[in-house]
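Engineer: Just dropping this structure here.
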Amino acid sequence: MKLITATLVAITGLGLCAAPLALAEDDSFVGKWKFNPDKSQLNGLTYKVDQPGTGQLKFTFGDYTETFTLGKEHVSKYGNTWLITQSGPNAWKWVQKRDGKVTSDAMWTVADDGATSTYVSTEMRPDGSSSHDETKLKRTAGGTSGLVGTWESTEIKVGSSTVIEMAKWGGNGYSMKSPAFREETDFKLDGKDYTPKGPRVAKGTTVSGKAIDAHTMELTYKLKGKTTETDRWELSADGKTLTDTINFSGESKREVDVYERQ
């Protein structure tokens, strides 16, 4: 589970001119795929919270940082509006909006001993559906109390799984759709940048890709020219499972999302 929204990656290489065509001509990736959180590896990512000034908090995830003032709306680099208020000595309410509409209503609560915390959120999606999620974290550095410190996720419960749809596009490319988020990414495996579409796609987002082999492709997401994540999609030998291994820029640990063919 990502506490922030991330974007696609551009990958180019020498001597790979024939590989994109070989993969694109194969329809193995085409179909409807449902996310299986029980088979995925979502834990182990690190989030850091600092206090640069009075009434301020600085949130860091890999190379991504945001500094905001408690009780004041803040527009993030991805175009979302954050409003964080402290609702108790160990609790912080996080409300995110997009174009004035609430997309996430969450509470981050630190345990009395300061060693663990829980981030409980209700995520609202563009199609009208929602998901009630819960992330448990442990403190790995930064004191013994309060929110300031370094936190590592240890357990994640996803309330409602999403589905992605993959279709052929442009002869030798793919169209990847997320109906719940009304997002669509059309791309070819040629290393060129393409622009995803959707109500929550940040301005300046691009994606490019390349074929690794007949059952693996790699996508690179960028925001205004800066790489934010690299996704490696690998199809199982029986064609029933699609695994997305995500490398976030600046984050040493990976997230592994597993999808099953419907």
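Engineer: Can you tell me, using C-alpha contacts under 8 Å and at least 6 residues apart, the relative contact order of the chain as a whole percent?
Structural biologist: Normalised by residue count, the contact order of the chain is 25 percent.
Engineer: Would any residue of region 203-226 have its amide N under 20 Å from a label point 7 Å out along Cα→Cβ of Ala237? List them or say none.
Structural biologist: 212-217
Engineer: Treating only the Cα positions of the chain as identical point scatterers, give the base-10 log of I(q)/I(0) from the Debye formula at each q in 0.09, 0.11, 0.17 Å⁻¹.
Structural biologist: Log-scaled intensity ratios, in q order: -0.43, -0.63, -1.40.
Engineer: To continue, here is another question. Put +1 on the Cβ of each Lys and Arg and -1 on the Cβ of each Asp and Glu in the chain; which of Gly204, Gly239, Leu45 then has its Cα farthest toward the positive end of the dipole?
Structural biologist: Gly204
Engineer: To continue, here is another question. Tell me which of Ala106, Pro179, Ile84 sits at the most positive position along the dipole axis of the chain, charges placed on C-beta atoms (Lys, Arg +1; Asp, Glu -1).
Structural biologist: Projecting each Cα onto the dipole axis, the largest value belongs to Ile84.
Engineer: Also, quick follow-up: Given the C-alpha centroids of region 82-100 and region 204-262, what is the distance between them in whole angstrom?
Structural biologist: If you average the Cα positions of each part, the centres end up 31 Å apart.
Engineer: Moving on to the next point. Using +1 on the beta carbon of Lys and Arg, -1 on that of Asp and Glu, and nothing else charged, what's the dipole of the chain about the Cα centre, debye to 20?
Structural biologist: In total the dipole reaches around 680 debye.
Every number here is computed from the coordinates shown, using simple stated rules; none is lab data. What you see is a predicted model, and the numbers here were worked out from it, not measured in a lab. As a convention, Cβ positions derive from the backbone with ideal geometry for all residues, glycine included, and neighbour counts pool all protein chains shown.
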